[in-house]
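Heads up: the structure comes next, in structure tokens.
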Amino acid sequence: MTDAEFRSGFVCFVGRPNTGKSTLTNAMVGQKIAITSSRPQTTRHTIRGIVHREHAQLILVDTPGLHRPRTLLGQRLNDLVRDTYSEVDVIALCIPADEKIGPGDRWILTQIRQMAPKTTLLGVVTKIDKVSRDQVAQQLVALSELLGPEADVVPVSAAKGEQVEVLVDVIASKMPEGPAFYPDGELTDEPEETLMAELIREAALEGVRDELPHSLAVVIEEVLPREGDAGQDDSSPEMLDVHALLYVERPSQKAIVIGKGGARLKEVGTNARKQIEHILGTRIYLHLHVKVAKDWQRDPKQLGKLGF
Ligand SMILES: Nc1nc2c(ncn2[C@@H]2O[C@H](COP(=O)(O)OP(=O)(O)OP(=O)(O)O)[C@@H](O)[C@H]2O)c(=O)[nH]1
Ligand SMILES: [Mg+2]
């Protein structure tokens, strides 16, 4: 038998905030490249994850959750997602198994149909470990009715790794024939500084409530090799000094992020450092500073400075 044809292409995961898009991206890639949290609106830029298989390469585009925007940041994120619709081969609409399909989901579908009427649409029911089999079946039917008879619907649990490989196969089958876009082994095109900033933000999101998650932004200021640390031994691992700024919108938020006697910030630093070292394979020393950038989510100038 001759080699089966190689397929490659782009798929974007879209859905309301908190529906498990980034967790699914990580599960399919097999490594954490996108941060996740129980707070909605965790993802703030499109993140490419690359899935390598013998006969296919999939480029997953994880996108920010979509909802009616309340700030300029929200508007910009929505625009960003709409822009990606036209650049992909498949759009996968993610709906959690444990929440009823609602107006927010229908609004997203309308947007997809307007922006990319010809793009292959796929339904994904996420978080199936949270409900009974019956409820999964009901959600599959409901999603199928929403998307119409042409669209496949796939149930998946990224947390438990259930059906992840099935989803890879289904998406691969919808990709055009063509060569790989990325070299073997490359799992993302995220710059290391972005990954670091995101892992710090993820650690800082842990345990904070209400408006604060939305008000947090992280910028890496400087990454410097630690001088003299290598000592005489050339084989000793490199050490990096990473200087990061955590932006919040109000002084009261700064106090929360820092915590009593700096305890919270220290914990954030420890957690983020472990994750960053794991991903980069390098020892790092994290210097975290918290700054107030008043109402940056609504301020075009500040948004620009923060990269939005
Ligand atoms: N039980 C369970 N929880 C999940 C699963 N997938 C994601 N979650 C949880 O759902 C929450 C949201 O996950 P994310 O992956 O950050 O969701 P998202 O869609 O990327 O969210 P935004 O970036 O804000 O749009 C987190 O607390 C995850 O741990 C799953 O398969 N099972
Ligand atoms: Mg996300």
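The values are calculated or read from the model by the stated rules, or taken from the named source; none is laboratory data. Just so it is clear, the structure is predicted and the values come from calculations on it, not from any experiment. All Cβ positions, glycine included, derive from the backbone under ideal geometry; neighbour counts span all protein chains shown. Accessible surface areas use protein heavy atoms only, side chains included; no ligands, DNA or RNA. Shrake-Rupley method; radii C 1.70, N 1.55, O 1.52, S 1.80 Å.
Considered as a group, the residues in segment 186-200 that are open to solvent by 60 Å² or more (accessible area, probe 1.4 Å) and in contact (Cβ under 8 Å) with a residue 40 or more places away in the chain include one that is farthest from Leu121 (Cα to Cα), and that residue is Glu192. The residues on offer are Val61, Val81, and the sole one that is within 14 Å of ligand 1 (Cβ to nearest atom) and assigned to a helix (DSSP H, G or I) is Val81. Out of segment 1-58, which residues are in a loop (DSSP other than H, G, I, E, B), of a type in the set (A, V, I, L, M, F, W, C), in contact (Cβ under 8 Å) with a residue 60 or more places away in the chain and more than 16 Å from ligand 2 (Cβ to nearest atom)? Matches in segment 1-58: Phe6 only. Please go through segment 20-36 and give me each residue that is touching a helix residue (DSSP H, G or I) at 6+ places or on another chain (Cβ under 9 Å) and buried (at least 19 other Cβ atoms within 10 Å of the Cβ), ordered by number. Of everything in segment 20-36, those that are touching a helix residue (DSSP H, G or I) at 6+ places or on another chain (Cβ under 9 Å) and buried (at least 19 other Cβ atoms within 10 Å of the Cβ) turn out to be Leu24, Ala27, Met28, Lys32, Ile33, Ala34, Ile35, Thr36.
Screening Leu60 against (1) aliphatic (A, V, I, L, M); (2) in contact with a Ser or Thr (Cβ under 7 Å, 6 or more places away or on another chain); (3) surrounded by fewer than 22 Cβ atoms within 10 Å (Cβ to Cβ) leaves a single unmet condition, (3). Scanning segment 259-276 for residues that are within 23 Å of the chain's Cα centre (by Cα), of a type in the set (D, E, K, R) and crowded, with 16+ Cβ neighbours inside 10 Å turns up just one, Arg273. Scanning segment 138-162 for residues that are more than 15 Å from ligand 1 (Cβ to nearest atom) and open to solvent by 50 Å² or more (accessible area, probe 1.4 Å) returns Gln138, Val141, Glu145, Pro149, Glu150, Asp152. Filter segment 1-49 down to residues that are more than 19 Å from Lys127 (Cβ to Cβ) and in contact with a Pro (Cβ under 9 Å, 6 or more places away or on another chain) and give me whichever is nearest to ligand 1 (Cβ to nearest atom). Looking at the filtered set, the residue picked out is Arg44.
Just to be sure before I move on: is Pro69 over 20 Å from Ala159 (Cβ atoms) and part of a loop (DSSP other than H, G, I, E, B) in the structure I sent? Spelling it out, Pro69 is indeed over 20 Å from Ala159 (Cβ atoms) and part of a loop (DSSP other than H, G, I, E, B). Within segment 163-179, being closer than 22 Å to Ile101 by Cα and either among the basic types (Lys, Arg) or open to solvent by 20 Å² or more (accessible area, probe 1.4 Å) (or both) holds for one residue alone: Gln163.
In segment 92-105, the condition of being part of a helix (DSSP H, G or I) and surrounded by 16 or more Cβ atoms within 10 Å (Cβ to Cβ) is met by at least one residue.
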